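First up is the structure itself, then whatever we jot down about it.
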Amino acid sequence: MKKIFTVFFFFSLSFFLCQKVEFKKVIDSSQTFTGEIGGTPITIELNYTGVVDCDQYQHYVDGWYYYDKYKKKIPLTGIYNYYGNLSLYNFGSKQKQNSKLLKEQITSLQKVEKTDETAQKLAPQESIIFENMSMNNNPIPGHFYLGKKVQPAKLFTGNAMIYRLNNYLFLPNNKKINTYDFINKAGGNELISYAAGENGNRVLLYFEQTSNFNACGRCGASEGEKGYRVLYFTKDWNYKHYQEFLIESCLENIYDATKTKSKDRQTIKYKIGKSDSTPAHTFTVDLKNATVVKSK
């Protein structure tokens with residue numbers, strides 16, 4: 001897996017028995033997948049090359065695939081779309097020329113939905129179409145087209161997205177989790193603190209993230225979503241669940257929260273006005289003990 005941008009942010013505190021929690025941000029710009037065409041093992045590597053229009057959920061990809069037995073790379077170009085589908089094409093000797101033409105013609109959501117129709121007009125020698133319509137298929141099914149020949153294809157993953165905002169938490173007992181997998185795909189988290197309690201362990205995160213990956217959609221050009229998350233774990237650091245506390249939100253219409261810090265700067269109190277979905281309330285963030293308490 002290749003990365004275009006890796007940010008290391010390690011926040012380490014002394015913890016009894018020398019335990020510590022660390023945090024690392026990694027942005028993926030490429031993915032390597034394994035799969036099959038007609039039952040024959042293949043490897044596919046795809047690189048993110050930009051968004052379609054203004055939606056991060058839809059992006060152009062370039063790369064290659066090969067049959068594992070021969071390892072001869074065959075160029076590919078195509079589109080990853082909002083629904084988790086991958087449409088990939090090889091144009092033979094016109095790969096560079098037609099790849100450019102294809103991307104120039106697919107510039108909006110409506111045109112993305114007609115990707116294959118557009119590509120076929122450019123006469124691809126090979127097409128590989130993976131359709132993850134339920135968004136939870138693993139492997140992702142598809143078809144390989146070579147002239148009039150059609151074979152089943154599989155991609156051994158449940159997620160074909162190429163561009164990913166990973167936020168990794170490295171936990172005691174050699175455990176690691178990624179907020180991309182269980183909170184959302186927007187990233188934007190920062191580690192504030194962690195602590196132990198009678199019922200298990202806690203991690204406090206602060207986050208600032210986009211409201212909408214589609215910059216042209218609702219709240220796409222806003223200041224985004226901001227707040228805190230408390231992640232709960234067992235005493236052995238097995239993940240249980242998390243709670244989220246918004247201090248600013250375009251989606252929920254939360255603005256102008258008042259913020260008060262304690263003299264020792266260990267707690268922060270926020271007063272949140274009435275929003276579209278919640279009454280006015282207050283919550284107190286305990287930075288040292290990794291808790292957030294909500295009250296009226």
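Using Stokes-Einstein with the Kirkwood hydrodynamic radius over Cα pairs, what translational diffusion coefficient do you get for region 117-226 at 4 °C and a viscosity of 1.567 mPa s, in µm²/s rounded to a whole number?
Numbers: Rh = 17.9 Å.
D, rounded to a whole number, is 72 µm²/s.
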**Request:** Taking 7 Å along the Cα-to-C-beta vector as the label spot, tell me the Lys73-Lys176 distance in nanometres, rounded to one decimal.
**Result:** 2.5 nm
**Prompt:** Where Lys and Arg each count +1 and Asp and Glu each count -1, what net charge lies around Glu208 among other residues with Cβ under 9 Å from its Cβ?
**Reply:** -3
**Item:** Structure-based [θ]222 nm, the chain - -39500 (n - 2.57) summed over DSSP H runs of at least 4, per residue, nearest 500
**Value:** -2000 deg cm²/dmol
**Prompt:** In nanometres, what is the gap between the two model label sites at Lys149 and Asn253, each 7 Å from Cα along Cα-to-Cβ?
**Reply:** 6.0 nm
**Prompt:** Considering amide H positions built from the backbone, and no H for Pro or chain starts, which residues 5 or more places from Asn85, or on another chain, come under 5 Å of its amide H?
**Reply:** Asn132
**Request:** Express the relative contact order of region 82-158 as a whole percentage, based on alpha carbon pairs under 8 Å and six or more residues apart in sequence.
**Result:** 31 percent
**Among 276-284, 52-60, 195-203, the order from most to least packed when residues are scored by Cβ within 10 Å on average** = 52-60, 195-203, 276-284
**Asked** Only one of the listed values, [x] 72, 43, 29; [y] 53, 43, 31; [z] 78, 62, 30, was derived from the coordinates as Cα extents along the principal axes in Å; which label is it?
**Response** [x]
**Prompt:** Picking from Pro124, Ile177, Ala215, whose Cα lies most toward the positive end of the charge dipole for the chain (charges on Cβ: Lys, Arg +1; Asp, Glu -1)?
**Reply:** Ile177
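Set the Förster radius R0 to 25 Å, insert the Cβ-Cβ distance between Thr260 and Asn289 as r into 1/(1 + (r/R0)^6), and round the FRET efficiency to 0.05. Intermediate results must be reported in sequence, preceding the final value.
On the way: r = 18 Å, r/R0 = 0.71.
Using R0 = 25 Å, I get an efficiency of 0.90.
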**Prompt:** How many times 2.2 N^0.38 Å is the alpha carbon radius of gyration of region 188-228?
**Reply:** 1.62
**Prompt:** Tell me, what is the FRET efficiency for Glu190 and Asn136 to the nearest 0.05, using R0 = 41 angstrom and their Cβ-Cβ distance as r?
**Reply:** 0.90
**Prompt:** Which whole-number value in Å² is the accessible area per residue of the chain, probe 1.4 Å?
**Reply:** 53 Å²
**Message:** Ignoring ligands, DNA and RNA, please state the percent of accessible area on the chain from carbon and sulfur, probe 1.4 Å.
**Reply:** 50 percent
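Do the alpha carbons of any pairs in Lys69/Lys100; Lys73/Lys149; Lys185/Lys269; Lys269/Lys296; Lys154/Lys175 sit beyond 24 Å of each other, and which pairs? Display every interim value, and only then the final one.
Details: Lys69/Lys100 30 Å; Lys73/Lys149 21 Å; Lys185/Lys269 28 Å; Lys269/Lys296 12 Å; Lys154/Lys175 30 Å.
With Cα atoms farther than 24 Å apart: Lys69/Lys100; Lys185/Lys269; Lys154/Lys175.
The values are calculated or read from the model by the stated rules, or taken from the named source; none is laboratory data. Nothing here was measured: the structure is a model prediction, and the numbers come from that model. FYI the Cβ positions are ideal-geometry reconstructions off the backbone, even for glycines, and counts take in every protein chain you see. Each accessible area value is taken on the protein alone, full model and side chains, heavy atoms only, with ligands, DNA and RNA left out. Shrake-Rupley method; radii C 1.70, N 1.55, O 1.52, S 1.80 Å.
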